[in-house]
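Please treat every number below as a calculation from the coordinates, not as lab data. Just so it is clear, the structure is predicted and the values come from calculations on it, not from any experiment.
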Amino acid sequence: MGGDVPTENLRFGSIVVAVALALAIGAGVWFGSRNGTPDVLASSGGVSYTTVPEAFVVHVSGAVKRPGLVTVPSSARVADAIAGAGGAAVGADLAGLNLASPVRDGDQIVVPLVGAATTPGQAKDRGIDLNRATAAELEDLPGVGPVLAGRIVAYRDLHGSFAAVEDLLDVGGIGEAKLAAMRDSIAAP
């Protein structure tokens, strides 16, 4: 037996080397794929890939120099959107706006004139704006308490802006009767 290595030791050593190599390759593939790969989110339809768009388009109107559609980076704030519309016009009332609020794709930002300001969630003479109102402001809707207001905000945060008042039917706790009671107090999105 002089210098012979038992076959059993060779087989074990080969297995250890193969497992270590497989782990190293797997780790390299995993870490390499993490850079630039979209996050994976579980959804009701299985797995979907999401990416954050690089830019949003928002509608800036009211007391600005160039009202209209403005393209802003996805990290933009209300102040950035107003600047993209040429800045505030003479007589603009910026005190009623949260200039640090992040914008979302499709938002409308209305810059009021001094004396015509409304609260962020209140569309002047039209009702509560579902896409801008805080949970506390949503509680002003008939039949909406803190829990339901929180559900509306959570739904909006998860799914984006409401496209129609009827989208509220997708929020847990809101049925046809509750929607009918609230409808006249809601500004059309």
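Ellipsoid semi-axes for the stretch 121-189, based on the Cα gyration tensor and the rule √(5λ), read 15, 13, 12 Å when sorted largest first. Using only Cα positions of the stretch 53-117, each an equal point scatterer, no hydration layer, compute I(q)/I(0) via Debye at q = 0.15, 0.21, 0.24 Å⁻¹ and quote the log10 values to two decimals. Here the Debye-derived log intensity ratios amount to -0.38, -0.72, -0.93.
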